[in-house]
Amino acid sequence: MTIVASPNRLGRVLPIASYVAIAWLLFGFGSYGMALGEQVRAKRVVSMNLCTDQLLLLIAKRSRIASVSYLARDPLFSHLANRARDIPINHGLAEEILPLEPDLVLVGSHTIRPTTVLLRKLGIKVLVLKLAEGFEDIRRNMRLVGNALGETAKVDLMVSQFDTALTTLVQSQDLPTAIILRPRGMTMGQGSLSDAILRSAGLRNLSAEMGVGKIGRLSLEQVVAARPDLFVLAEFRPGHPSLAHLILQHPVLRMDQADPNGNDPSRVALPTHLWNCGGPQALKAIDILKRARLHLLESKVRK
C-alpha cells in the first residue's frame, strides 16, 4: 500500500512501512508544538484527540475541519457529537492523516507520538494541547486553537462568557461533601479539572481532603468510611455492563432514602462528555452539581 502526497508536502511517494520506520527513527528527537503567539490561520485542520476534537468543533467552521478522531461521534464521550456526524474520522494513524494534506493537526499531550513527530518532520504544523487540569487550562487551550485558526475575537468572546458564568461561585463555610467515583473506584482530587468543577458548584471534594492527587483510587471501604453527603458518579452506557462499573452500582453507595419522587439526593450521575475534556461544557457540569447540592440540602431540611 502506498500514499501519494502532494509534491510540496513530501516530494516523493513512500510506502506506509517507510513512514512508520521514519517515525520511529525520529521518535524522541526534537521538540514539537506551537507557541501561543504563533499565527497559522489554518484552512485544513485535523484533530487526533477527543479533547482537541471538542475545541475544533466548537471554534472552527465546518469547511475547515478535514477530520476528527473516531471518538468525536460518540455522544457518551463527545459533547459535540452531533457536529461530527458528517466529518471524516481518524484513529491517529499517519496513513489516515497524510492524504488529507492538513496544514494543522491538533493533538493531545498523550496522542500517538510517532505520528505527531512524523507529521512535524514532514513540515505539517502540529499543535499540542495539554489536558485541562483547571479553568485556566481551558482558557489557554481555547486561545491556542483560536489563535491558530485566526479566530481570536470569537474565542475572546467565548472566554469572556465563560468567566462571567464562573462569577456565580457558591461562598459558604458549611459546604456539603462529595466524592467523585469512576469505574474501578478511580477518583479525582486536588489539581484536577473535576476538583475545580466540584468546588465551583459549592461542594467539598473529600477525595482531595483524603490526599488523592489529580487522579487516584479509593477502595469501597474508604468510600463508605468517608461518608460523603453526595456521590458524583460517572455516567455509563446502559446495556454495556462491565466489571469496572460494578462499584458505581453497589447498594452501599445509597446512603440516604429516596424522596417521594423516587430520587436519591445522595447520588448524581454526571454525563461523561461534560467533564472528561476541558471546555465551556464544564459550566453545564457545574450547573448539574449545583442543582444536586440544592436537592440534597432541601432533603435534609424536610427531615
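The values are calculated or read from the model by the stated rules, or taken from the named source; none is laboratory data. Just so it is clear, the model here is predicted, and its values are computed rather than measured. Calculation scope for accessible area: heavy atoms of the full protein, side chains included, ligands and nucleic acids excluded. Shrake-Rupley method; radii C 1.70, N 1.55, O 1.52, S 1.80 Å.
Tabulated values for the structure
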read-out	value
Aspartates and glutamates whose Cα lies under 15 Å from that of Lys290, excluding same-chain neighbours fewer than 8 positions away	Asp174, Asp195, Asp229, Glu298
D (Stokes-Einstein, µm²/s), Kirkwood Cα radius, the stretch 103-168, 0.692 mPa s at 37 °C	250
Val224 - accessible surface, heavy atoms, 1.4 Å probe, Å² rounded to 10	50
P(r), alpha carbons of the stretch 35-124 - 5 Å bins starting at zero, rounded %	3, 15, 28, 26, 18, 8, 2
Global geometry of the stretch 98-233, whether rounded, prolate or oblate, following the gyration tensor of its Cα atoms and the 1.5 cut on a/c	oblate
Relative contact order %, the stretch 86-224, counting alpha carbon pairs below 8 Å whose residues are six or more apart	18
Entries of Lys130/Lys214; Lys214/Lys300; Lys154/Lys214 with Cα pairs more than 21 Å apart	Lys214/Lys300; Lys154/Lys214
Residue-level accessible surface for Asp163, protein heavy atoms, 1.4 Å, Å²	50
For the stretch 94-135: accessible area per residue (Å², 1.4 Å)	37
Cα-based convex hull volume of the stretch 191-243 per residue, rounded to whole Å³	111
